[in-house]
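> Take a look at this one; I'll ask things after.
Where a number appears in this text, it was derived from the coordinates with a stated rule and is not lab data. All figures in this text were calculated on a predicted structure; none of them were measured in a lab. Here the Cβ is made from the backbone with ideal geometry for all residues, glycine too, and neighbour counts use every protein chain on show.
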Amino acid sequence: MNSARKAAASASAAAVVALPLVTAGIGSTPDAATGQESPPVDPVALPPPPAEQASEDDYWKRLARKRLRLLAKRERRIVRLLYTLHRHRQQRVLPVPHLSAWLCIHRYEGSWSDSGDPYWGGLQMDRTFMLTYAPRWLLAKGWANSWTPRQQMWVAERAWPSRGFYPWPNTARACGLI
């Protein structure tokens, strides 16, 4: 009984597989021109598609590859552009107006990274000075000893129009600024 079921199942499976092949024009079907049946065709060994269809498929594949290459080029260009802009932003630094004066004051004050309380940085800024003239940098980077020398000079430059060089009275006198 089991062998009969297996035989029936394989026969029905073969019929199910053959049915779509016959309806698709593959297999032994009568030829419209001659009326004779053509020999069955092995579906695995189908001939290559016509030249028109192959060239059309190749066209779309080439187009897809070309678009991917262009996209890759665009992405590379965008990355290069962003990198260049980033470098220009870092390099685009305005000159400090009283650079020589601040460097002279720094010569008599501490190191640019001096962290001794109550004064920080190369221009020896105290807490109230930093809170008044550089609150954003104070929040972002901490005390003046963690700022770059140029940032420290720009903070002092912000104070200069209202206070001049008087926050550094002794060193400003030594430099001839007062």
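> Between Asp126 and Leu82, what FRET efficiency follows from the Cβ-Cβ distance if R0 is 41 Å, with the result rounded to 0.05? Walk me through the intermediate numbers first.
Numbers: r = 39 Å, r/R0 = 0.96.
My answer for the efficiency is 0.55.
> Contact order normalised by length for segment 99-174, with contacts defined as Cα pairs under 8 Å and 6 or more residues apart; what percent is it? Write out the running numbers ahead of the final one.
Details: 80 pairs, mean separation 22.0, N = 76.
Worked out over segment 99-174, it gives 29 percent.
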